[in-house]
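The values are calculated or read from the model by the stated rules, or taken from the named source; none is laboratory data. Quantities reported herein were computed from a predicted structural model and do not represent experimental measurements. Note that each Cβ is placed from the backbone with ideal geometry, even for glycine, and that neighbours are counted across all protein chains shown.
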Amino acid sequence: MAPFDMANYSLFALVFVYLTVIVVVTHRLKNRYPDAWDQIGRFTLFANNSPSGSWAFFKFFVLSNDYRRLGDKPLNAMALFIRVVVAIFTVIFALNIFLVMTS
């Protein structure tokens, strides 16, 4: 299997994992922390998805530590997982671009 194909399959798998975790996190926020869910614009993956809602969710979980004030250990672990997935995705995406440009 070519490195380019492996990178593409890895990206596809990471996107699937990321979207699954997003669904779990938004469901948890909606049911346990409605104020935090309001803060990110009542973001859901399908029904209320917009660029501003996606950005608010991304800022809340990836770019800041605002989620930690909720004191929810499973939610903290999911936020850390989201951060790791985003970092790995970014590296593989950059590798993919490099492979395309050098081939």
- Task: Report yes if residue 8 is part of a helix (DSSP H, G or I) and at pLDDT below 90, otherwise no.
- Result: yes
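So that you can scan it fast, the table gives a plain yes or no per residue for (1) under 17 Å from residue 20 (Cα atoms); (2) aliphatic (A, V, I, L, M); (3) at pLDDT below 90:
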site	(1), (2), (3)
43	yes, no, yes
47	yes, yes, yes
52	no, no, yes
58	yes, no, yes
64	no, no, no
67	no, no, no
70	no, yes, no
76	yes, no, no
80	yes, yes, no
- Task: Might you check whether a residue that is under 18 Å from residue 24 (Cβ atoms), part of a helix (DSSP H, G or I), more than 16 Å from the chain's Cα centre (by Cα) and without any contact (Cβ under 8 Å) to a residue 40 or more places away in the chain occurs anywhere in the range 71-79?
- Result: yes
- Query: Mind checking which residues of the range 11-23 are over 11 Å from the mean Cα position of the chain (by Cα) and surrounded by 14 or more Cβ atoms within 10 Å (Cβ to Cβ)?
  - Reply: 11
- Message: For the range 38-47, check the following and say yes or no: at least one residue is part of a helix (DSSP H, G or I) and surrounded by 11 or more Cβ atoms within 10 Å (Cβ to Cβ).
- Response: yes
- Item | Where a residue in the range 4-33 is touching a residue at least 12 places away in the same chain (Cβ under 8 Å) and its partner, wherever it lies, is surrounded by fewer than 14 Cβ atoms within 10 Å (Cβ to Cβ) and not in a helix (DSSP H, G or I), with Cβ under 9 Å and at least six apart | 4/103; 23/46
